[in-house]
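Have a look at the structure below before the remarks.
The values are calculated or read from the model by the stated rules, or taken from the named source; none is laboratory data. Because the structure is a prediction, the values reported are computed rather than measured. Here Cβ is always computed from backbone atoms with ideal geometry, including for glycine, and neighbour counts include all displayed protein chains. Areas reflect the complete protein model, heavy atoms only, side chains present, ligands, DNA and RNA absent. Shrake-Rupley method; radii C 1.70, N 1.55, O 1.52, S 1.80 Å.
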Amino acid sequence: MWARIENGTVTEITDIDPTGRFHPSIQWVACSTDTRPGWHYDGEQCLPPPPELLEDLAVRKRAEIDQVRDTAFAAGLPYEIAGEPDVVQTRPQDQINLLGLSAKAQRLIAAGDSEATLTFRGLSNVNRELTAEEMDALALAALAHIESIYQRSWMLKDAITTAVEQNTRDDLKGITWKSFNNRMLHE
């Protein structure tokens, strides 16, 4: 095996002898079969890069969790709205609207006007009229969905903190959105 070296880093590997096949300014060195791009060349041999610092890995893992959490919010909650399948949007800007709709519906219910209608528009962009009770149920379901997403992200971030405190790199590497099932969220 041969590795092409640029600035002390392996950029390419090949099992075909590069001798005489490339411009002399391109540096190729013999290397072991396990050498990979990204490894370092110390002038004599190709070496794997040092492991990522534990705290850097933790920062990266937290950012991954935040990204998946935000994607889950953007996906919304599939929900039957006025008898039609739709999606209740649950992005941060939607959360404020849901709180307001729930408060308005609860005021109507408290005033004895639970059959009053409120307009709701889901992902399909169709206005649908819901009774105050239906609106409150929709808003509470969406808010519970949002809370479960936050709970999952917090649990994962707590696991990241624990892995760093216990210096367990393999545990830290294994923490992903899918690494915790719903059962674990309620333990």
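The table that follows gives values for the structure above.
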read-out	value
Qualifying residue in segment 35-43 (condition: of a type in the set (Ser, Thr, Tyr), more than 34 Å from the chain's Cα centre (by Cα) and at pLDDT 95 or above)	yes
Pair list, Cβ < 8 Å and 6+ apart or interchain, from segment 96-123 residues that are farther than 18 Å from residue 81 by Cβ to residues that are assigned to a strand (DSSP E or B) and aromatic (Phe, Trp, Tyr)	none
Failed condition for residue 139, given (1) open to solvent by 50 Å² or more (accessible area, probe 1.4 Å); (2) in a helix (DSSP H, G or I)	(1)
Some residue of segment 90-106 being in contact with a strand residue (DSSP E or B) (Cβ under 7 Å, 6 or more places away or on another chain), open to solvent by 40 Å² or more (accessible area, probe 1.4 Å) and more than 19 Å from residue 148 (Cβ to Cβ)	yes
Residues located in segment 116-135, provided they are under 27 Å from residue 71 (Cα atoms), open to solvent by less than 20 Å² (accessible area, probe 1.4 Å) and in a helix (DSSP H, G or I)	135
Residue under evaluation residue 42, criteria (1) farther than 26 Å from residue 167 by Cα; (2) in contact with a strand residue (DSSP E or B) (Cβ under 9 Å, 6 or more places away or on another chain); (3) loosely packed, with under 10 Cβ neighbours inside 10 Å, criterion not met	(2)
Qualifying residue in segment 88-96 (condition: closer than 20 Å to residue 121 by Cα, in a helix (DSSP H, G or I) and out of contact with any helix residue (DSSP H, G or I) (no Cβ under 9 Å at 6 or more places or on another chain))	yes
Residues of segment 22-39 classified as in contact with a Ser or Thr (Cβ under 8 Å, 6 or more places away or on another chain), at negative phi and loosely packed, with under 12 Cβ neighbours inside 10 Å, total	1
Members of segment 33-68 found to be in contact (Cβ under 8 Å) with a residue 40 or more places away in the chain and hydrophobic (A, V, I, L, M, F, W, C), listed by number	46, 54, 57, 58, 65, 68
Single residue of 148, 153 found to be surrounded by fewer than 16 Cβ atoms within 10 Å (Cβ to Cβ), in contact (Cβ under 8 Å) with a residue 12 or more places away in the chain and assigned to a helix (DSSP H, G or I)	148
Residues that are in a helix (DSSP H, G or I), open to solvent by 60 Å² or more (accessible area, probe 1.4 Å) and either among the small types (Gly, Ala, Ser) or over 19 Å from residue 176 (Cα atoms) (or both), drawn from segment 45-58	none
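Condition check ((1) over 28 Å from the mean Cα position of the chain (by Cα); (2) assigned to a loop (DSSP other than H, G, I, E, B); (3) modelled with pLDDT of 95 or more; (4) within 29 Å of residue 157 (Cα to Cα)) across all residues:
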position: 60; (1), (2), (3), (4): no, no, yes, yes
position: 65; (1), (2), (3), (4): no, no, yes, yes
position: 80; (1), (2), (3), (4): no, no, yes, no
position: 85; (1), (2), (3), (4): no, no, yes, no
position: 104; (1), (2), (3), (4): yes, no, yes, no
position: 114; (1), (2), (3), (4): yes, yes, no, no
